[in-house]
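Working notes for the structure below.
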Amino acid sequence: MTWPCGYVFNVEENSRVDLREFRRIAAAGRAAELEGDIRGAVGHFRSALKLWRGPLLADIEHGPLLRSEAVRMEECRLGMIERCVEGDLRLGRHREAVSELSALVSQYPYHEDLHAQLMIALYRCGRRQDALAAFQRLRERMVDGLGLEPGARLQRLQLAVLSGEADLDDSMPTPRPAPVGALA
């Protein structure tokens with residue numbers, strides 16, 4: 001249907017739309033997570049992320065309202081990725097997480113939570129020097145680009161890696177990313 005200022009896309013309630021499917025699967029993942037089923041939660045989150053096919057609304061000119069919605073949805077997607085990685089780390093999938101996290105920190109060079117997860121994954125793989133190098137790259141990028149030091153939590157993680165603290169073993173909870181509730 002057309003309107004004077006554009007198009008209206010009417011979708012029946014029971015029809016299948018990626019966004020609705022994404023929300024439904026993400027909610028199932030959150031429920032599994034709350035029940036302590038980390039493996040199930042990661043499976044649901046990964047299934048929801050498979051619905052994502054490239055940049056959101058890439059073929060549409062964005063006005064301010066649509067641009068803010070696209071940013072909100074991208075943040076939700078990133079939060080879900082963080083939760084997947086957190087689950088993988090809790091399940092002992094450190095080696096698998098390293099490659100995914102390496103790509104993510106390249107894509108999001110100032111994202112401290114992703115860097116923290118990468119440092120933990122590297123440390124748990126026996127790669128302390130690489131974990132420290134990841135911190136140093138972030139620190140240099142932040143100081144040079146923003147004039148800021150990494151946050152206190154990341155600095156504490158660096159010290160824990162330096163001292164080889166036992167708290168960094170597999171039993172240590174990984175940093176808690178933001179909730180995935182933005183689209184729910």
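The values are calculated or read from the model by the stated rules, or taken from the named source; none is laboratory data. Keep in mind the model is a prediction, meaning the values are calculated, not measured. Note that we place each Cβ from the backbone using ideal geometry, even for glycine, and neighbour counts take in every protein chain shown. All accessible areas refer to the heavy atoms of the entire protein, side chains included, with ligands and DNA or RNA removed. Shrake-Rupley method; radii C 1.70, N 1.55, O 1.52, S 1.80 Å.
Worth pointing out:
- Residue check for residue 26: over 29 Å from residue 168 (Cβ atoms) and of a type outside the set (Val, Ile, Thr): yes
- Subset of the stretch 106-128 [part of a helix (DSSP H, G or I) and open to solvent by 20 Å² or more (accessible area, probe 1.4 Å)]: 106, 107, 112, 113, 123, 124, 128
- Close contacts from the stretch 132-159, counting a first residue that is closer than 19 Å to residue 98 by Cβ and a second that is among the aromatic types (Phe, Trp, Tyr), with Cβ to Cβ under 6 Å and a gap of 6+ residues or different chains, come to 158/135.
- Selection count where residues are exposed (fewer than 14 other Cβ atoms within 10 Å of the Cβ), at pLDDT 75 or above and farther than 24 Å from residue 74 by Cβ, scope the stretch 1-38: 3
- Scanning the stretch 160-171 for residues that are in contact (Cβ under 8 Å) with a residue 24 or more places away in the chain, surrounded by 13 or more Cβ atoms within 10 Å (Cβ to Cβ) and more than 21 Å from the chain's Cα centre (by Cα) gives a single hit, 161.
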